[in-house]
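Read through the structure below, which is laid out as structure tokens, and then see the notes.
The values are calculated or read from the model by the stated rules, or taken from the named source; none is laboratory data. Fair warning: this is a prediction, and the values are worked out from it, not measured in the lab. Cβ atoms come from the backbone with ideal geometry, glycine included; neighbour counts cover every protein chain shown.
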Amino acid sequence: MNIEELMLKLNPNKELGRINMSGLAEQLGISRQTLGTKLDGKVPFTLAEAKKLAELLKLTPGEIVSIFF
């Protein structure tokens, strides 16, 4: 999974349980706008944010590597 696939996974118009951009931003302790800039690759995720994101989305180790490294 790359960042584009992650963005599709987070698209609030798609069915994905209760996860949406606003809820995810809140879980990460950042604004929705900040999450957007991080997903666009303009600002990197912190290690703590990456870890929390991986936990929330149940990302595999391979997905974590392809998204964050």
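The table that follows gives values for the structure above.
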read-out	value
Inter-residue pairs, beta-carbon under 6 Å, first surrounded by 12 or more Cβ atoms within 10 Å (Cβ to Cβ) and in segment 41-54, second modelled with pLDDT under 90, 6+ apart	Phe45/Lys38; Ala50/Phe68; Ala54/Ile64
Residue match in segment 57-66 (condition: surrounded by fewer than 17 Cβ atoms within 10 Å (Cβ to Cβ), touching a helix residue (DSSP H, G or I) at 6+ places or on another chain (Cβ under 7 Å) and not β-branched (Val, Ile, Thr))	no
Scope segment 22-49; condition closer than 14 Å to Ile67 by Cβ, of a type in the set (D, E, K, R) and either in contact with a helix residue (DSSP H, G or I) (Cβ under 6 Å, 6 or more places away or on another chain) or modelled with pLDDT of 90 or more (or both); matching residues	Glu49
Filter result for Glu63 (of a type outside the set (A, V, I, L, M, F, W, C) and at pLDDT below 70)	no
Enumeration of residues in segment 45-67 that are more than 20 Å from Glu26 (Cα to Cα) and in a loop (DSSP other than H, G, I, E, B)	Thr60
